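The values are calculated or read from the model by the stated rules, or taken from the named source; none is laboratory data. In this text the structure is predicted, and so the values were computed from the model without any measurement. We place every Cβ from the backbone using ideal geometry, glycine too, and count neighbours over all the protein chains shown. Surface accessibility is based on the protein's heavy atoms, side chains included, excluding ligands, DNA and RNA. Shrake-Rupley method; radii C 1.70, N 1.55, O 1.52, S 1.80 Å.
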Amino acid sequence: MPPPSGGEPGCIFCAIVHQREPAHVVYEDDEAIAFLDLYPHTRGHLLVVPRRHVDRLTDLPEAEYAEFLRAISNVCRRVDRLSRHYHVSVNQGTLAGQVVFHLHVHIIPRYSEENPFAVHPRVRLDDTEGRALVSLLGAP
Ligand code: 5GP
Ligand code: ZN
């Protein structure tokens, strides 16, 4: 259990990484963790986050790219349990929709041709649904 500190002050994803804030975590390794997005576009919408606080992809030290990509691939393999169709995306900068300035990769499963990004309210993740998804996706 890490100490109740660490990371960038005021960063919600650092707070999750350092277990000061709850999240439905489905994957962890030494460099990265993945948890369910609190306002999912679709069921099983995940965020893969390096433990190290960096704002943007280009701020991640190059020596850490391979490990981070490995974590993303591992999580994608688990998302196959939900759907073989998903987006893997990064929003960089406010004009591209970035609202949390701790690097994160979205994995957004698709279940139909319906556009999940069409304008409709995103509903907060329900805890019961979160627990069900953690038991489906959390197993290696
Ligand atoms: P961005 O728009 O920065 O690429 O994506 C940030 C994502 O983080 C959004 O999809 C948003 O729903 C999600 N998010 C924001 N705050 C929290 C939080 O406290 N917990 C979790 N699990 N997700 C969050
Ligand atoms: Zn952070």
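Computed over the alpha-carbon pairs of the chain, the distance histogram in 5 Å steps reads 2, 10, 19, 24, 22, 16, 6, 2, 0 percent, short to long.
Shown are ASP126, ASP30, ASP55, whose ranking by accessible area with a 1.4 Å probe and every protein chain present, most to least, is ASP30, ASP126, ASP55. For region 38-140, GluC sites (Glu not before Pro) meeting the loop criterion (DSSP other than H, G, I, E, B) and having at most 13 other Cβ atoms within 10 Å: GLU113, GLU114.
Given a 1.4 Å probe, how much area per residue of the chain is accessible, in Å²?
58
Expressed as a whole percentage, what fraction of the accessible surface of the chain belongs to carbon and sulfur atoms when a 1.4 Å probe is rolled over the protein heavy atoms?
Whole-percent figure for carbon plus sulfur exposure: 55.
Please identify the trypsin sites (Lys or Arg not before Pro) of region 73-140 that satisfy two criteria: DSSP loop assignment and at most 15 other Cβ atoms within 10 Å. Which are they? Those satisfying the criteria are ARG81, ARG84, ARG122, ARG124.
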